[in-house]
Structure formats: C-alpha cells, structure tokens
Amino acid sequence: MSSTDLLAPGAVIGILGGGQLGRMTALAAAAMGYRCHIFCPDADAPASQVTDRTTLADYGDRDALDAFARAVDVVTYEFENIPCDTVAHLAGQVPVHPGPGALAVCQDRLAEKVFVNCLGIGTADFRVVPDPSVLPALVEQLEGPCVLKANTMGYDGKGQALIRHPHEADDAWLAVGARLCVLEKFVAFECEVSVIAARDRTGRVVCYPAVENRHENHILKHTLAPAPDFEDRQEAAQAIAVRLIEGLDMVGVLAVEMFATTDGRLLVNELAPRPHNSGHWTIEGCRVSQFTNLVRALVGLPVADPGVRGRAEMVNLLGAEADEWAALAADPGASVHLYGKAAARPGRKMGHVTRLLT
Ligand SMILES: Nc1ncnc2c1ncn2[C@@H]1O[C@H](COP(=O)(O)OP(=O)(O)O)[C@@H](O)[C@H]1O
Ligand SMILES: [Mg+2]
C-alpha cells in the first residue's frame, strides 16, 4: 500500500496494545466498516473482546510481528510504552501511524520536554537525574517541592515521588526504581487541562476543546468538557496542541496534558500520541469522537471537525466502583462504558460514565 492510498471499508487496522483505548478505537472502526487486529501479550484483553482477530505474543516476537504486518493494512498503537524497536520493525513493512519518531519522543520524558521547549512552549523547570548523588543539589536548585519521575514507562502516577526537602532524595530515588529520572519543579496549578488534536495525511489538524482534568491519587477521575472558566485561554491551549502535533509530523491523535498556572501560563506536562482518557467524553459529546478521528486519519480520510454537542462530564470507574454498574445504568442520562476487565484492582480503570450537561 502506498502512503497516499485511501483504505476502503473491509481493510484491517492493526492495533498494538489490547486495553480500553484499543477497544474503543476498534468499536469506532467497526462502525465505519473496518476490521481491527489486536497485537498484545494478554489473553482476553479488552480490545480483543470486540474484534475477531488477535495475535497473542510479546512485543519483541519478530516472527509474530512479521505475520501481523502481513495481515494488516495499517498499524497504530494504543499506549506509548510499546518498545520503539517493535514499531520501527513494523514500519519497515507496513504504514505505522503515529510513526516511530513521534513515539520515541512521547515515551521519553526528557526527549519530550526538550522537544516541547525547542518549540518555544513552556514546561515545568526540570533537571536530568542520572545518579542519586546529584539529586539533593538539584532539588536545592529548583527551590521548593519537586516531583521525581522515572524517565520512561510511567503511567497513572507510577514511577513518581514527591520531594519536599533535599534529605528525602534517597528515598525518592529508590521509590521510582533507581533509574534515569527527570526532576521537575512542582507546579502550583490552578487546574489541569488537556487538548486532543487529530492530524490526517494531508496535514490538516482539528482540535477538541481544552477540558479540565481532576485527578485522585494521580489517576484521572473527572473530566469537565469544555474546561470551565477557561474561555479566554481556549485558543492558546489549542494552539499549543496544533504546534506540537505539527512539530511531531504525526498522523493520528495527540493528547497534550497541561498545567494552567495560577499566574496565567500554560505549561505542557505530558504528551500521549494516542487517544486519551480525557477524550472519552467525545464519544457522546461530539459528532466525531477522538476514536473516529483516529480511524479516519489511519485509513486516509480527512480528519473531521469534532462538532461539539455541548457541555459534558466524564467520571472514571476505578476498581470496585464499577460494581455499581446497575445503579449507574438506571440513569438514562448516563452513558455507562465498561471495559470487560475481570479483576477490579484498586485504582484500575474499569469503565467510565459520561453525562451530557446541556
Ligand atoms: N511537576 C508537577 N507539578 C504538579 N503536579 C504534578 C507534576 N507532575 C505531575 N503532577 C501530578 O501528577 C499527575 C500525573 O503525572 P504525569 O506526569 O502526568 O504522569 P502519568 O500521567 O504518566 O502518571 C499529573 O496529572 C499531576 O496531577
Ligand atoms: Mg499524565
């Protein structure tokens, strides 16, 4: 397939990763007549439950990857901790969007911050921490509370530790796993927001409005769409997302997490080159969801204006909260989504509920 071909319905989208983001992407693809083939190491994964094709293999299994490449027309991934080697290997055989370069930036906190700063966009002040011996001095330099983050493989607050005083440095280093880290100054934020942008093969970009995200124990709990009391900063937040997705030269969907600081700045916290939990509201809240726009970009269709229907609120169902599914579903105004996960471990994302407010 040439990279300019439009894939017709019936074509197969390969998805690396079997979680809920892959599941919702596969559901959007199915609605448009496309098939999905999941590649993941876990049996009965949320995404596999809604597709008829899964390759159950490790991400390093070259034979399985080669067979997968032959069986699909285009490849994407639903989480950014897929090894870059895996994606680069596939990209030699089949179009992969977003490409390996964008993935390499977004799965490495240091590369990500350097990239963002090079575009003239702000982040929290940060330092590279190669070794615990230098950590107390770096904490002193940043003057005040800091967050130590493992450079790779973090999610839902895992691999992070707060440092209030230099003498807490050793404990923090051990807590994040004694590996290359980024030390960030703790940002006094008014709120956390995110913007999702989608970009197609022609370079056209569409943006969803900035939403406010409220976390509990470092895990997203509530999303309010659009972000309340944020009208004056919407344009600036969306402009940042557009510059970043263009800078990465990405085809697909990019989520940009930002801190809106008490002194009026927007600082980029994290990038995710895939659909994002803070965009789940777009399934009911927009005419074209983040998942549909990802599928459109992957198959070569133009990305479509989101068509926001109004205000919406999304609540994650974490761990045992999903046991309340019957009571939640009794409310006709609540769209209850469950991901088909068997074990409701504390803090695990089991589902979400979206309500349209207007
Ligand atoms: N520098 C910081 N200042 C203030 N809060 C932070 C900072 N870094 C992270 N946090 C908080 O922790 C959450 C998770 O951190 P993040 O870097 O997004 O990692 P991940 O989402 O990969 O676990 C953020 O959404 C925010 O609430
Ligand atoms: Mg985050």
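Database remark: amide H of residue 312 closer than 5 angstrom to the amide H of 225, 357 (H placed geometrically; neighbours at sequence offset of 5 or more, or on other chains; Pro and chain starts carry no H). Axis angle, to the nearest 10 degrees, between helix 231-247 and the longest C-alpha principal axis of the chain: 70 degrees.
Relative intensity of region 12-96 on a log10 scale, I(q)/I(0) at q = 0.19, 0.20, 0.26 Å⁻¹, equals -0.72, -0.80, -1.37, per a Debye sum over C-alpha point scatterers of equal strength in the absence of solvent.
With no solvent and one point per C-alpha, what does the Debye sum give as log10 I(q)/I(0) for region 199-355 at q = 0.11, 0.12, 0.15, 0.18 Å⁻¹? Evaluating at q = 0.11, 0.12, 0.15, 0.18 Å⁻¹ gives log10 I(q)/I(0) of -0.46, -0.55, -0.85, -1.15. Take 278-286, 315-323, 103-111, 189-197 and order them by the average number of nearby Cβ atoms within 10 Å per residue, most first; the result is 278-286, 189-197, 103-111, 315-323.
Note on the chain: with a GNM built from Cα contacts shorter than 10 Å, the maximum mean-square fluctuation among 102, 334, 260 falls on 334.
Phi angles of region 21-26 translate, via the Karplus equation with coefficients 6.51, -1.76, 1.60 and θ = phi - 60°, into HN-Hα couplings of 5, x, 4, 6, 5, 5 Hz per residue; Gly and Pro are given as x. Once Rh is set to the Kirkwood radius over Cα pairs, what Stokes-Einstein translational diffusion coefficient, in µm²/s, holds for region 64-168 at a temperature of 37 °C and a viscosity of 0.692 mPa s? The diffusion coefficient I find is 204 µm²/s. For region 125-185, a Kirkwood radius taken over Cα pairs fed into Stokes-Einstein (10 °C, viscosity 1.306 mPa s) yields D = 145 µm²/s. Using a Förster radius of 30 Å, what is the FRET efficiency between residue 43 and residue 174 based on their Cβ-Cβ separation? Nearest 0.05, please. After rounding to 0.05, the efficiency reads 0.35. Enumerate the residues in region 280-321 having an amide nitrogen under 15 Å from the point lying 7 Å beyond the Cα of residue 6 toward its Cβ. Backbone N within reach: 296-304. Think of it as helices only: each DSSP H run of n ≥ 4 in the chain is worth -39500 (n - 2.57), and spread over all residues that comes to -7500 deg cm²/dmol at 222 nm.
Averaging the inverse of every distinct alpha carbon separation and then flipping it gives the Kirkwood radius. What is it for the chain, in angstrom units? Please list the in-between numbers first.
Values: mean 1/r = 0.0478 Å⁻¹.
This gives a value of 20.9 Å.
Working ranking of peptides 229-238, 294-303 by packing, defined as the average number of other Cβ atoms within 10 Å per residue, highest first, is 294-303, 229-238. Return the whole-Å distance between the Cα centroid of region 58-100 and the Cα centroid of region 225-260. Answer, in whole Å: 27. In the chain, if the dipole is taken from +1 on Lys/Arg beta carbons and -1 on Asp/Glu beta carbons about the Cα centre, which of 173, 223, 138 is farthest to the positive end? Value: 223.
Here, each number is a calculation from the coordinates, and none is a lab measurement. This one's a predicted model, so the numbers in the text were calculated from it and none came from an experiment. Using ideal geometry, Cβ is built from the backbone for each residue, glycine included, and neighbour counts are taken over all protein chains shown.
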